[in-house]
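To start, the structure itself, in structure tokens.
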Amino acid sequence: MSTVRDITLAPSGERKIAWVEANMPLLRSIAAEFEQTKPFAGLRIALSVHMEAKTAYLCRVLALGGAEMHVTGCNPLSTQDDVAAAVAAGGIDVHATHGCTEEEYTAYLDRALEVGPHIIIDDGGDLVARLYQRFPELIDGVVGSCEETTTGIRRLRQMDRAGTLRFPAVMVNDADCKHLFDNRYGTGQSVWDGIVRTTNLIVAGKDVVVAGYGWCGKGVAMRAKGLGARVIVTETDPVRAIEAVMDGFRVMPMAEAAPLGDIFVTVTGDCGILTREHFPLLKDGAILCNAGHFNVEVAMDELGEYAESSFDARQNIRGWRLPNGRTVYVLAEGRLVNLASGDGHPAEIMDMSFAIQALSAQFLARNRGRLKPGVVPVPREIDLAVARRKLETLGVSIDTLSAEQKAYLGME
């Protein structure tokens, strides 16, 4: 039996799902194919992804393909209760509530896993980690997993290097049609959507500090610049730092950026980016938020110990009064601001990401027993097929190489 906040919220969630379905033509076409071919017939899929409308539609697409779906969220604040209710009302097993405790969150992971999944679809790696911690006896039954995020891939690579990854794990995030668009354009837009709708403040004319210049950081910085902000980038990677400089941004250590920033966005995937060292340096009124997967980039425990008091300044904004008399504000408890304070990436962007996800799961099902344990790249033909189909939905055509050109390039 599903675990949702209020099943009567389902009609509201259903409208959200219908809206994203109308704006996800790639996934709609895959749904039609899956309904005919049933690639997941007889298979159980456990899914842990942000439980909002686009994820809900992915769940339905996989179910149309014959999968028995058991789903949960991947962040306590990103679940939308009306969407979870709609998923449950539609007959899919779902365990997710907005604002759940850490204990409830872990219990929801367990409920998705205890059925003995054949395929795992993960966002951040919590489902796979919990499988190893709580259900090691079920590992041999796993055909494979698909990982959505940079953070989750990092965890899987660590397992692979240690020789403990006992099934193939497809690196969905590394596909070009995922990270080049989802991480850059999706994160770039959705982060500022979350910040602006939560704060109701202007971005133009402000100093924005973006911590991390990977694909997500590039998108956040690009959109901040487009909104009229002066952008500072902090980095530890010298190559990315040069790239940020050549993209027109100032680059400096966080200790130098801390007194300058009006808005800080951490997007590194690492811990301890804004810490006790930096809090006394911040401007009065500085806004701190995180766009990395886990809530470890802004050191909330250290802020709680350092601050003299805190208060709710606005929905999803907590103010922290510091000993120096200044007040700083943290959005969404330091969790993913684009999902905890917004609706996540645009539907058209997730259309590509979830198309890669769905076809990667199909790849696992088709190659059951033939793939070696370890990290597995998304097959190039899947990446290219998604790109071509996306261009078709956009009404864009491109050139093709002639036989002579292919021969010249050594392709034939």
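Numbers below:
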item: Count - residues of segment 155-173 that are of a type in the set (Asp, Glu) and open to solvent by 70 Å² or more (accessible area, probe 1.4 Å); result: 0
item: Long-range neighbours under 6 Å by Cβ, at least six apart or interchain, first residue within 12 Å of MET171 (Cα to Cα) within segment 371-386, second of a type in the set (S, T, N, Q) and buried (at least 16 other Cβ atoms within 10 Å of the Cβ); result: VAL378/SER360
item: Every residue from segment 292-340 that is of a type outside the set (Asp, Glu), in contact (Cβ under 8 Å) with a residue 60 or more places away in the chain, open to solvent by less than 10 Å² (accessible area, probe 1.4 Å) and in a loop (DSSP other than H, G, I, E, B); result: GLY292
item: Candidate set: segment 110-124, residues that are closer than 18 Å to LEU58 by Cβ and not charged (D, E, K, R); chosen: the one modelled with the lowest pLDDT; result: GLY124
item: Contacts under 7 angstrom Cβ, first residue in segment 4-31 being farther than 11 Å from GLN80 by Cα, partner surrounded by 23 or more Cβ atoms within 10 Å (Cβ to Cβ) and among the hydroxyl-bearing types (Ser, Thr, Tyr), 6 or more apart; result: ILE17/TYR57; VAL20/TYR57; GLU21/TYR57; MET24/TYR57; LEU27/TYR57
item: Residues being closer than 30 Å to ARG184 by Cα and without any contact (Cβ under 8 Å) to a residue 40 or more places away in the chain - total across segment 125-144; result: 3
item: Condition met for THR97 (open to solvent by 40 Å² or more (accessible area, probe 1.4 Å) and part of a loop (DSSP other than H, G, I, E, B)); result: no
item: Count of residues meeting criterion [in contact with a helix residue (DSSP H, G or I) (Cβ under 7 Å, 6 or more places away or on another chain), outside any helix (DSSP H, G or I) and of a type in the set (D, E, K, R)] in segment 1-46; result: 2
item: Residue among GLY152, GLY124 that alone is part of a helix (DSSP H, G or I), open to solvent by less than 20 Å² (accessible area, probe 1.4 Å) and closer than 19 Å to ASN75 by Cα; result: GLY152
item: Matching residues in segment 126-150 - criterion: being in contact with a Gly (Cβ under 7 Å, 6 or more places away or on another chain) and farther than 20 Å from LYS54 by Cβ; result: LEU138, GLY141
item: Residue that is farthest from LEU364 (Cα to Cα) [pool: residues in segment 129-147 that are in contact with a Pro (Cβ under 9 Å, 6 or more places away or on another chain) and part of a strand (DSSP E or B)]; result: SER145
item: Candidates ALA241, ALA255 - the one that is surrounded by fewer than 23 Cβ atoms within 10 Å (Cβ to Cβ) and within 28 Å of ASP301 (Cβ to Cβ); result: ALA255
item: Among the candidates GLU404, GLU392, residue that is part of a helix (DSSP H, G or I), in contact with a helix residue (DSSP H, G or I) (Cβ under 9 Å, 6 or more places away or on another chain) and farther than 22 Å from ILE45 by Cβ; result: GLU392
item: Residue within segment 352-375 that is over 22 Å from ALA46 (Cα atoms) and not aliphatic (A, V, I, L, M) present; result: no
item: Qualifying residue in segment 389-407 (condition: in contact (Cβ under 8 Å) with a residue 60 or more places away in the chain, under 21 Å from ASN23 (Cα atoms) and among the aliphatic types (A, V, I, L, M)); result: no
item: Some residue of segment 352-374 being within 20 Å of the chain's Cα centre (by Cα) and of a type in the set (D, E, K, R); result: no
item: Every residue from segment 261-291 that is in a loop (DSSP other than H, G, I, E, B), touching a residue at least 24 places away in the same chain (Cβ under 8 Å) and surrounded by fewer than 18 Cβ atoms within 10 Å (Cβ to Cβ); result: ASP270, CYS271, GLY272, THR275, ARG276, LYS283, ASP284, GLY285
item: Some residue of segment 297-314 being aromatic (Phe, Trp, Tyr) and modelled with pLDDT of 95 or more; result: yes
item: ALA41 within 27 Å of THR149 (Cβ to Cβ), without any contact (Cβ under 8 Å) to a residue 60 or more places away in the chain and among the small types (Gly, Ala, Ser); result: no
item: Filter result (part of a helix (DSSP H, G or I) and either surrounded by fewer than 20 Cβ atoms within 10 Å (Cβ to Cβ) or acidic (Asp, Glu) (or both)) within segment 363-385; result: ARG366, ARG380, GLU381, ASP383, LEU384, ALA385
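Table: residues versus (1) more than 24 Å from GLN315 (Cβ to Cβ); (2) out of contact with any Asp or Glu (no Cβ under 7 Å at 6 or more places or on another chain); (3) without any contact (Cβ under 8 Å) to a residue 40 or more places away in the chain; (4) in a strand (DSSP E or B).
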{"site": "ALA56", "(1), (2), (3), (4)": "no, yes, no, no"}
{"site": "THR79", "(1), (2), (3), (4)": "no, yes, yes, no"}
{"site": "VAL83", "(1), (2), (3), (4)": "no, no, no, no"}
{"site": "GLU104", "(1), (2), (3), (4)": "no, yes, yes, no"}
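The values are calculated or read from the model by the stated rules, or taken from the named source; none is laboratory data. From a predicted model like this one, the values you see are computed outputs, not experimental measurements. FYI the Cβ positions are ideal-geometry reconstructions off the backbone, even for glycines, and counts take in every protein chain you see. For accessibility, only protein heavy atoms count, side chains too; no ligands or nucleic acids. Shrake-Rupley method; radii C 1.70, N 1.55, O 1.52, S 1.80 Å.
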